[in-house]
1. Per residue of the chain, what 222 nm ellipticity follows from adding -39500 (n - 2.57) for every DSSP H run with n ≥ 4, rounded to the nearest 500?
2. I need the shape label for the chain. Rule: rounded when a/c is under 1.5, else prolate if a/b > b/c, else oblate, with a, b, c from the alpha carbon gyration tensor.
3. Using a 1.4 Å probe, what is the accessible area per residue for the chain, in Å²?
4. According to the square roots a ≥ b ≥ c of the eigenvalues of the Cα gyration tensor, what is the shape class of region 24-66, taking rounded for a/c under 1.5, prolate for a/b larger than b/c otherwise, and oblate for the remainder?
5. Considering only DSSP beta bridges where both residues belong to the chain, give the percentage that are antiparallel (nearest 5).
6. Which aspartates and glutamates have a Cα less than 13 Å from the Cα of residue 20, not counting those fewer than 8 places away in the same chain?
7. For the chain, which whole-number percentage of the solvent-accessible area (1.4 Å probe, protein heavy atoms only) is attributable to carbon and sulfur atoms?
Amino acid sequence: MYTLLNNAESSKFDLYLPGKLVAALHYKIDEDKNEVMLIYCEAIEPRQPDDHCQELMKRALEDLRNRRMKITITCPIALEIVKDAADGGSVTA
């Protein structure tokens, strides 16, 4: 069971499995523009890194959309996940 935490002090989303950090998504927020830039997605846990990053992107995008923020993605890993999802994967862009 995954858990997503917004670590605002460090400007990143952290994805956990019970007791273990498995992936992180670093971001930069421009509150005046209500905009977030997704900068760097990394898998921490070496087992199933693609699964962890896909789940992280899915949950982070859902959180940001619920806050009605404009989203810009500059991270190549995150862009690839969103592109794959648009081609029939599980993350919605």
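1. Counting only the DSSP helices, I get -10000 deg cm²/dmol.
2. oblate
3. Per residue, the chain has 62 Å² of solvent-accessible surface.
4. oblate
5. 85 percent
6. 45
7. Its accessible area is 49 percent carbon and sulfur atoms.
The values are calculated or read from the model by the stated rules, or taken from the named source; none is laboratory data. Please read these numbers as outputs of a predicted model, since none were measured by experiment. When the accessible area is computed, the model is the full protein with side chains, heavy atoms only, and any ligands, DNA or RNA have been set aside. Shrake-Rupley method; radii C 1.70, N 1.55, O 1.52, S 1.80 Å.
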